[in-house]
Amino acid sequence: MKSFIYSVLSILLLVSLAVGFNGHTGGKENPEYAESQKIAYTQVYYQDLPEDIKGVIDKQKRQSCTRIFKGEGDSQYLFIALGERRTGGYGIEIRSVEATEGGITVIYSEIKPEEGAFVTQAFTYPYVVLKIDSPFLINVITG
């Protein structure tokens, strides 16, 4: 009788673990959001970032790249860098952050200085860091 109870409890435990690990995470379908639903995000300034992310930014802001870092809980930090520019006046415009079937899609574009504009005559390294409260895969598109 005792082994029967242990067998039943073991089966129940295995079934509950299988159901519990069937959640949707990065790369899988995203049932939490309706398609094309806008997702809230926050722009995070350098001084407010965790130290480990600051270290990566200091090393990688000189090249064009995107990086995603795990944050607290389900949050993620998205780092987008344009790389070196010969003058000031460049920046990054976040055009949209939306739920999609595959996760979350972030579309951004480069802001360039207008022709003839007075800009800083120094090398600059435009970048932006977004905090997105979602565990789903983040796809980044230049648009």
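Going through (1) free of Cβ contacts under 8 Å to residues at least 40 places away in the same chain; (2) closer than 15 Å to residue 140 by Cβ one by one, residue 76 falls short only on (1). Every test in (1) surrounded by 15 or more Cβ atoms within 10 Å (Cβ to Cβ); (2) under 30 Å from residue 36 (Cα atoms); (3) touching a residue at least 60 places away in the same chain (Cβ under 8 Å) is passed by residue 133 save one, and that test is (1). Criterion applied to 99, 81 was being among the aliphatic types (A, V, I, L, M) and in contact with a helix residue (DSSP H, G or I) (Cβ under 7 Å, 6 or more places away or on another chain), and the one residue passing it is 81.
Out of the residues in region 55-76 that are charged (D, E, K, R) and part of a strand (DSSP E or B), state the one that is surrounded by the most Cβ atoms within 10 Å (Cβ to Cβ).
67
Taken as a whole, region 107-120 holds at least one residue that is among the aliphatic types (A, V, I, L, M), under 17 Å from residue 38 (Cα atoms) and touching an Asp or Glu at 6+ places or on another chain (Cβ under 9 Å). The set of residues from region 34-71 being touching a helix residue (DSSP H, G or I) at 6+ places or on another chain (Cβ under 8 Å) and more than 17 Å from residue 137 (Cα to Cα) comprises 46, 49, 54, 57.
Every read-out reported here was derived from the displayed coordinates using simple, explicitly stated rules and does not represent laboratory data. In this text, all values refer to a predicted model and were calculated from it rather than measured experimentally. All Cβ positions, even for glycine, are placed from backbone atoms using ideal geometry, and neighbour counts span all protein chains on display.
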